[in-house]
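Take a look at the structure below.
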Amino acid sequence: MSYTKETRGTMTVYRVQPILTDAQADKIANTRLKSSQIKLIIDDDADVYDESGALLLKFRKNVLSSPKINAFYDNVEKFAKHTTSNRGSATGSAKKNVWSNPKVMTNIFGYFDKWSPSQKYNFTQRNKKPSVEVRECRFNVDYPEEYKRTIPLIEQIDHLYKKYTPTFYAKQHNKAKQTFFKIGSTSFTTVTTNVNYQTTVHKDAGDDIEGFGNLAVIQKGEYTGGETCFPKYGIGVNVRTGDLLLMNVHEWHANLPIHLKTPDAIRLSIVCYLRKGVWDKTKHLPKSFMMKHNKTVKNLSRRKH
């Protein structure tokens with residue numbers, strides 16, 4: 001691969017050239033990356049710019065609080081290990097039927113802009129449907145105290161997002177201020193957790209196009225691999241506990257394979273973002289609407305006896 005680098009204090013600045021054309025990168029969508037496709041793994045503080053001078057990523061080591069990390073993990077662990085088959089192409093599946101997709105440990109909390117399959121069924125049974133297709137996620141509803149205890153880490157990620165990429169943050173935060181359907185006072189509507197899950201090459205189509213991705217990882221036990229990579233540029237980042245990766249999620253990206261050294265080893269990734277559909281459907285609606293809407297969705301989501 002072709003890149004230049006310079007050192008600024010403890011940080012390295014990379015300027016990278018693509019190793020794949022856009023057409024070549026498009027062809028590897030929905031495939032699993034191999035280590036041979038990645039030429040450089042970043043493991044220290046770094047800023048990376050692409051061939052046009054646009055920021056591709058910022059990586060900072062050991063910037064997240066250990067007590068907040070531990071509280072997040074302790075309260076989300078059980079929920080994060082639930083399996084689902086609704087990740088579609090990010091699992092490598094090309095099937096349209098969600099029930100045929102591989103089951104992986106990936107889950108969301110906060111707010112989402114699509115009904116769950118069970119909600120669709122219950123709404124049909126009642127012949128009723130809420131006026132706005134935005135919902136509180138199951139973790140918020142079923143485990144409200146645990147959900148509250150995850151928020152301090154999310155707020156710290158939000159603070160660092162503002163510190164390291166203020167331009168992207170300002171655009172996203174301005175949108176977040178327009179809706180009450182969000183996580184605390186942050187610029188995020190939604191968090192995705194992934195446990196020992198190698199995503200295939202994809203772009204995050206549901207995220208705010210003007211914002212930047214925020215990725216943290218919690219490691220329990222020992223594993224190798226799992227680096228977050230940008231195959232068009234042949235680079236990856238080894239994100240571990242305490243680190244924060246700010247990244248352009250609208251570029252092709254994926255993880256390398258995860259190799260567990262012990263069966264109980266865990267790589268829990270935390271992806272914080274503003275879901276553009278949530279913002280678009282709820283912007284400028286008052287807090288009273290949010291509270292009434294959440295109650296309505298909860299009542300209609302209960303199975304009809």
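General observations
- Cβ-Cβ under 8 Å pairs, at least 6 apart or on other chains, the stretch 103-129 side free of Cβ contacts under 8 Å to residues at least 24 places away in the same chain, far side exposed (fewer than 13 other Cβ atoms within 10 Å of the Cβ) and not in a strand (DSSP E or B): 103/83
- Selection of the stretch 269-293 for residues being aromatic (Phe, Trp, Tyr) and farther than 30 Å from residue 198 by Cβ yields only 289.
- Some residue of the stretch 149-160 being modelled with pLDDT of 95 or more and in a loop (DSSP other than H, G, I, E, B): no
- Of the residues making up the stretch 281-305, those that are over 25 Å from the mean Cα position of the chain (by Cα), of a type in the set (S, T, N, Q), surrounded by 10 or more Cβ atoms within 10 Å (Cβ to Cβ) and farther than 13 Å from residue 115 by Cα number 2.
- Residues considered: 201, 195, 141, 191. Of these, the only one that is more than 17 Å from the chain's Cα centre (by Cα) and among the aliphatic types (A, V, I, L, M) is 141.
- If you check 13, 48 for being crowded, with 17+ Cβ neighbours inside 10 Å, hydrophobic (A, V, I, L, M, F, W, C) and either modelled with pLDDT of 95 or more or out of contact with any Ser or Thr (no Cβ under 8 Å at 6 or more places or on another chain) (or both), only one passes: 48.
- Out of 239, 278, sole residue that is part of a helix (DSSP H, G or I) and within 16 Å of the chain's Cα centre (by Cα): 278
- Residue, surrounded by the most Cβ atoms within 10 Å (Cβ to Cβ), within the stretch 243-265, restricted to residues that are of a type outside the set (A, V, I, L, M, F, W, C) and within 16 Å of the chain's Cα centre (by Cα): 253
- Residue match in the stretch 45-62 (condition: assigned to a helix (DSSP H, G or I) and hydroxyl-bearing (Ser, Thr, Tyr)): no
- Scanning the stretch 220-236 for residues that are part of a strand (DSSP E or B) and surrounded by fewer than 19 Cβ atoms within 10 Å (Cβ to Cβ) yields 220, 223, 224, 225.
- Cross-chain or 6+ apart pairs with Cβ under 6 Å, the stretch 143-157 first and surrounded by 17 or more Cβ atoms within 10 Å (Cβ to Cβ), then among the aromatic types (Phe, Trp, Tyr): 147/139; 150/72; 153/72
- Just one of (1) loosely packed, with under 14 Cβ neighbours inside 10 Å; (2) modelled with pLDDT under 95 fails for residue 26. It is (2).
- Scan of the stretch 192-217 for residues that are in contact (Cβ under 8 Å) with a residue 60 or more places away in the chain, assigned to a loop (DSSP other than H, G, I, E, B) and among the aliphatic types (A, V, I, L, M), ordered by number: 201, 209
- Of all residues in the stretch 64-109, those satisfying the criterion of being among the aliphatic types (A, V, I, L, M), assigned to a helix (DSSP H, G or I) and either farther than 16 Å from residue 191 by Cα or modelled with pLDDT under 65 (or both) are 90, 98.
- Only one of the numbered conditions (1) aromatic (Phe, Trp, Tyr); (2) surrounded by fewer than 23 Cβ atoms within 10 Å (Cβ to Cβ); (3) within 17 Å of the chain's Cα centre (by Cα) is not met by residue 161, and that is (2).
- Scanning the stretch 136-148 for residues that are part of a helix (DSSP H, G or I), over 15 Å from residue 70 (Cα atoms) and not hydrophobic (A, V, I, L, M, F, W, C) gives 138, 140, 142, 144, 145.
- Residues (part of a helix (DSSP H, G or I) and more than 16 Å from the chain's Cα centre (by Cα)) located in the stretch 169-183: 170, 171, 173, 174, 175, 176
The values are calculated or read from the model by the stated rules, or taken from the named source; none is laboratory data. As the structure is a computational prediction, the values presented were derived from the model and not from experiment. Glycine also receives a Cβ, built like all others from the backbone with ideal geometry; neighbour counts cover every protein chain displayed.
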